[in-house]
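One structure is given here, and the rest of the page talks about it.
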Amino acid sequence: MKTEKIRNVLNEYADKNGYKLFDVEYHANDQTLSVIFDEEFDMTALETVSQEVSDLLDKYDDEFADRYFLDVSTVGIERPIRNEEELKAAIGQYIYARCKEEEYYGDLLSYAEGILELQVRDKTRTKNVSLAYADVREMRYAVRF
């Protein structure tokens, strides 16, 4: 499957309809094409968008080697932080960061020169933790309970 071509088609669809496409992923293990929008759709709107995307992709069946399942969704509240630009935009937000051995939930205080500063809770006190961006394996926004 030529994911880049499909991504371009879906970007055109999103632009035309005033939406923002977050990601397109093909998962070969379960033959699922995930189309993720950076929008807040209610169920009716999501159903409509899903049908429109399905109809659009039917025109590109030759791009897919096998049958696939289409999953259209929104990025959600715990959206991933995928790069340094998105990380800088998350300053001041509550995030989750997983490094090689450790996991942290905390407020992102700053990001500069490859170092993240998080303010985390450690039982009854708060402390600041510095993490090297290169060591972070996963980051996303988190919900504070």
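The values are calculated or read from the model by the stated rules, or taken from the named source; none is laboratory data. Just so it is clear, the model here is predicted, and its values are computed rather than measured. When we count neighbours, we look across all protein chains shown, and the Cβ atoms used for this are built from the backbone with ideal geometry, even at glycine.
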Looking at segment 27-57, which of its residues are surrounded by 14 or more Cβ atoms within 10 Å (Cβ to Cβ) and at pLDDT below 90? Gln31
Among the residues in segment 55-75, are any in contact with a Ser or Thr (Cβ under 6 Å, 6 or more places away or on another chain) and either of a type in the set (Phe, Trp, Tyr) or more than 21 Å from Asn11 (Cβ to Cβ) (or both)? yes
For segment 42-94, which residues satisfy the criterion of being of a type in the set (Asp, Glu), in a helix (DSSP H, G or I) and either under 30 Å from Asp135 (Cα atoms) or touching a strand residue (DSSP E or B) at 6+ places or on another chain (Cβ under 7 Å) (or both)? Glu84, Glu85, Glu86
Restricting to segment 58-101, and then to whatever is modelled with pLDDT of 95 or more and aromatic (Phe, Trp, Tyr), can you tell me which residue is farthest from the chain's Cα centre (by Cα)? Tyr94
Any chance Arg140 is in a strand (DSSP E or B) and under 29 Å from Val24 (Cβ atoms): yes
Return the only residue of Ala134, Ala97 being surrounded by 14 or more Cβ atoms within 10 Å (Cβ to Cβ), not aromatic (Phe, Trp, Tyr) and not assigned by TED's automatic domain parsing to the domain that holds Asp23. Ala97
Would you pick out the residues in segment 13-29 that are farther than 17 Å from Pro80 by Cβ and out of contact with any helix residue (DSSP H, G or I) (no Cβ under 9 Å at 6 or more places or on another chain)? Ala14, Asp15, Lys16, Gly18, Ala28, Asn29
